There are 2 protein chains.
Amino acid sequence: MLPKTKSLGYHYIWDLSGCPSDSISKLSSLKAFANDLVSSLNLTVVGESGNQFSPHGATCVILLAESHLSVHSWPEENYLAIDLFSCMKIESIEVFDKIVQSHFGESLKIETQFLERGL
Amino acid sequence: MLPKTKSLGYHYIWDLSGCPSDSISKLSSLKAFANDLVSSLNLTVVGESGNQFSPHGATCVILLAESHLSVHSWPEENYLAIDLFSCMKIESIEVFDKIVQSHFGESLKIETQFLERGL
């Protein structure tokens with residue numbers, strides 16, 4: 001990937017393993033986490049959508065004035081995929097670990113990537 | 001980033017520059033493109049949300065049975081950020097270029113990244 005000459009989007013990518021399956025099975029749990037995270041980061045919600053899969057697993061997307069947050073769960077793998085795409089760099093992003101642990105337990109393994117998006 | 005021992009998600013990331021601003025200003029244009037792309041890739045829509053920004057620019061997210069597609073536009077920069085996250089590898093992904101060019105012109109510069117997500 002070539003370096004960007006103009007950054008327009010800041011894309012935070014997390015792969016979480018070791019999530020207790022009952023904590024990530026329901027859409028309601030993902031929504032509660034997602035709303036807690038965007039509120040803690042002072043992001044502005046402009047829409048929300050989600051889907052509960054059967055027998056378990058869910059997808060939750062929050063549309064933000066700054067772009068979006070998506071959360072997908074694989075309870076059978078104890079895995080959660082989270083993406084936060086923002087048009088502004090988020091200075092307080094280190095709160096992520098604390099919020100995710102308060103919702104999904106402290107024995108998580110958190111793998112983080114960061115991409116600059118733009119021209 | 002460590003290699004995955006078990007791939008659960010296939011994340012296609014595109015940064016498009018050189019998009020005519022009037023082709024990416026409106027939510028309706030992004031929705032038409034997004035629905036055309038997911039239909040061409042035989043993905044299953046389970047929800048849709050979007051937001052029109054003022055004076056221009058939009059966000060469109062399609063929830064899929066396979067995960068999600070997000071599209072964000074910066075008309076003032078002639079830039080479009082597109083993410084497709086799927087629980088299945090998409091064999092026909094090469095149709096992307098043709099579809100994006102049919103909606104946003106043939107003089108685009110398309111930068112592509114691919115991430116495997118999972119454990």
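Since every read-out is calculated from the coordinates, none of them should be taken as a lab result. Everything numeric here is computed off the predicted structure, so don't read it as measured data. Neighbour counts run over all protein chains shown; Cβ positions are idealised from the backbone, glycine included.
Overview of values
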quantity	calculated
Filter result for B:SER49 (closer than 17 Å to A:VAL46 by Cα and in a strand (DSSP E or B))	yes
When residues of the stretch B:42-57 are limited to those that are surrounded by fewer than 22 Cβ atoms within 10 Å (Cβ to Cβ), more than 9 Å from chain A (Cβ to nearest Cβ) and not hydroxyl-bearing (Ser, Thr, Tyr), the one farthest from the chain's Cα centre (by Cα)	B:PRO55
Enumeration of residues in the stretch B:59-116 that are part of a loop (DSSP other than H, G, I, E, B) and more than 10 Å from chain A (Cβ to nearest Cβ)	B:MET88, B:LYS89, B:ILE90, B:GLU91, B:SER92, B:ILE93, B:GLU94, B:GLY105, B:GLU106, B:SER107, B:LEU108
